[in-house]
């Protein structure tokens, strides 16, 4: 219960902070808050858009959650997500030009996306397990490698025909596109992401793997003592997390964007870190929090549209939120008392 | 001798809902050695930390030479002539003895006059017969020598009241004797000493008066001359205690653990175990004595597979691989490590998960790795908690909120329940009160009778005498010799602990 309250207080602090920034821009913060939520959560098209934004956030949050359970600070979901998107594009446009059956194509792309995401998790995993390389640094660095790799491809060899020299690839063939519902962008990927949340719940709560994550996450030495192969577990946690983020990248391509382009992610993988924390590493709570952040993303575009407030303000909000979340960890553990001498 | 130089009146201190000191009265006469006796967790160290200014008391007053004083930091304490040697020394390892003494001085200035300090150190060590090498670096010194440096530091600032917190824990019997002589020399020079301990024998040997604490309260203060071991034990525990366990003759069977010439690296990159060979048979307890830091920890970890080694280890006749804990567990090896909180427990997890930490490694369980319901562990855990009388509010309580004794019981319960053929126990009663100690002894002895091989690595010689059938002494990573686990051999064992071969 106190965990829930501290999360709520963190959100409140971030909102207050956001209010001051908006005030300093000369706008009314309450009107801005209203703009932030009214359309994204109060209208059907807004809700649909929020769900669409939720999907990549949910995948990446679930990806980092697994490593976080073990106190591995995997902040590489962004790179794993982009590698998954890259792999899906590669498969859809270059590897399988002769596959026209979506029942074959989609699973193939999903496996490809998972494999590349997993590989992007495996690298920092193996470096951490055997060489003691700090995973925070290695995952962060690999994000840039992935981002620039996508940039290179889209500006260079993969620049699509008929893109009018814009750095975008050709559109995915129909067989590589996930089922769509209506015209608002609602797609099957959203369902996969929610199924994934339940799968992660099963994984962390009802399997040997999850039990070992819990033990090693609480005390690594005790994990070794209990006969757990901690090195293998570190790599496994990074690989599984990477695969989930990679599937997220694939779903974003096949379900929403249908073509690879630079900056196609507004930093989903970074926001995922905040979401996983705010949900206190609970996969089901992660669904709810991801939706909230998806709505926020949609709402921030409304802000820009109607109040000319830069939508990147939401990044400042996210930053403050993570900051107050981490601070609340401290306050939950310690009490501050004034001692008069 | 009768003049009171220090008086603590009505000192109370609590930590959230734990009462560490409950209106404690304590006084110290000039030139006296006053022992503060009590089980672990009785509040001895808390009381002294209040006197030394580390904790602020919730209530109570401190009088020095009849004048009321307030001590709000160790600096205040030192200025009032109160010095304390804590269980963990506060020395800078890369500095020399002279530099360490200089560090604490007020009149040090920007460029300290080290030669003056050096001269005074030599003077002090001559007068009090404390042998220290002023230019040696701290890391080169043994624990006993480092303790002497701490004493010099106190003498240097002319402390009138010296608090020694469990000073003999790290010493050989001979070194302890030397320490006692130093203490007596200090009291002859008008200093007064508060001697904290939970060991009855040494309290009877060194002190003039004894104050016994139990659960944060003073049970009584007695003249040492007018008391004895049994009386003090009863005051400490609140009931009669059997100090001698009843050790039945053992019937050793075939060797369960065989070690051939193993070498193990320590954390500092220095070889900590240098060619140890030994054998433990089923149904016997082999005690390994030695001053701490002579390779005990490394030896235990190597046998259990937590640390790499060269050489051979056989369990039940088959060779095991270095660094493979799982293989040990599969072969029914149980391990009770020295630092159970850091090595064998997950503090943030509930009791029931800790009891089943080896759910997927121990051969006695067969859980499905893909359909595992931790909730189902609750019921069997409740039984174990009852059987081992673990004082937890429920099996859901996080282990970090248990007392040291109950933590040890959780480890013990888990390890004993795995039907071990070999138990490696390193300092199994460290930090436990007499009651819990008795419990651990009985469990280990019962296991021995069942035919389990037990390797007991302990610092407390009486523990080894109480339990083991043979004693080996570990000195600088080697077994320097074997002896009989009997008090009549204490001299011989002590010499071996100091490195003197038979």
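Worth pointing out:
- Restricting the search to helices (runs of 4 or more DSSP H) fully inside the stretch A:134-234 and requiring at least 3 residues that are modelled with pLDDT of 95 or more, under 25 Å from the mean Cα position of the chain (by Cα) and more than 14 Å from every other protein chain (Cβ to nearest Cβ) gives A:135-155, A:188-205.
- Filter result (over 12 Å from the mean Cα position of the chain (by Cα), assigned to a helix (DSSP H, G or I) and either modelled with pLDDT under 95 or surrounded by fewer than 21 Cβ atoms within 10 Å (Cβ to Cβ) (or both)) within the stretch A:278-297: A:278, A:284, A:285, A:288, A:292, A:295, A:296, A:297
- From the options B:204, B:257, B:200, residue that is surrounded by 21 or more Cβ atoms within 10 Å (Cβ to Cβ) and assigned by TED's automatic domain parsing to the domain that holds residue B:29: B:200
- Flag for residue B:399 being buried (at least 24 other Cβ atoms within 10 Å of the Cβ) and modelled with pLDDT of 90 or more: yes
- Test for residue A:302: is it modelled with pLDDT under 95, in contact with a helix residue (DSSP H, G or I) (Cβ under 7 Å, 6 or more places away or on another chain), within 30 Å of residue A:171 (Cα to Cα) and in a helix (DSSP H, G or I): yes
- Among residues of the stretch B:360-369 being closer than 13 Å to residue A:226 by Cα and facing chain A (nearest Cβ under 7 Å), the one that is surrounded by the fewest Cβ atoms within 10 Å (Cβ to Cβ) is B:361.
- Residue selection: residue B:372 fails the criterion of being under 19 Å from residue A:225 (Cβ atoms) and within 11 Å of another protein chain (Cβ to nearest Cβ).
- Within the stretch B:110-166, being free of Cβ contacts under 8 Å to residues at least 40 places away in the same chain, closer than 20 Å to residue B:78 by Cβ and within 20 Å of the chain's Cα centre (by Cα) holds for one residue alone: B:148.
- Residue among B:38, B:83, B:66 that alone is touching a helix residue (DSSP H, G or I) at 6+ places or on another chain (Cβ under 7 Å), away from chain A (no Cβ under 14 Å), closer than 15 Å to residue B:160 by Cα and touching a residue at least 40 places away in the same chain (Cβ under 8 Å): B:83
- Scanning the stretch A:142-162 for residues that are without any contact (Cβ under 8 Å) to a residue 24 or more places away in the chain and surrounded by 14 or more Cβ atoms within 10 Å (Cβ to Cβ) returns a single hit, A:159.
- Residue A:240 being more than 10 Å from chain B (Cβ to nearest Cβ), within 30 Å of residue B:363 (Cβ to Cβ) and under 19 Å from the mean Cα position of the chain (by Cα): yes
Residue-wise test of (1) under 30 Å from residue B:411 (Cβ atoms); (2) surrounded by fewer than 22 Cβ atoms within 10 Å (Cβ to Cβ).
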{"residue": "A:176", "(1), (2)": "no, no"}
{"residue": "A:182", "(1), (2)": "no, yes"}
{"residue": "A:193", "(1), (2)": "no, no"}
{"residue": "A:206", "(1), (2)": "yes, yes"}
{"residue": "A:219", "(1), (2)": "yes, no"}
{"residue": "A:223", "(1), (2)": "yes, no"}
{"residue": "A:228", "(1), (2)": "yes, no"}
{"residue": "A:231", "(1), (2)": "yes, yes"}
{"residue": "A:234", "(1), (2)": "yes, no"}
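- Yes/no for residue B:195 being under 30 Å from residue B:25 (Cα atoms), in a helix (DSSP H, G or I), in contact with a helix residue (DSSP H, G or I) (Cβ under 7 Å, 6 or more places away or on another chain) and outside the structural domain of residue B:487 (by TED's automatic domain parsing): no
- Of all the criteria given as (1) within 14 Å of residue B:413 (Cα to Cα); (2) in a loop (DSSP other than H, G, I, E, B); (3) free of Cβ contacts under 8 Å to residues at least 60 places away in the same chain, the one not satisfied by residue B:384 is (2).
The values are calculated or read from the model by the stated rules, or taken from the named source; none is laboratory data. Worth saying up front: this structure is predicted, and the values here are computed from it rather than measured. Methodologically, a virtual Cβ is constructed for each residue, glycine included, from the backbone with ideal geometry; neighbour enumeration extends over all protein chains shown.
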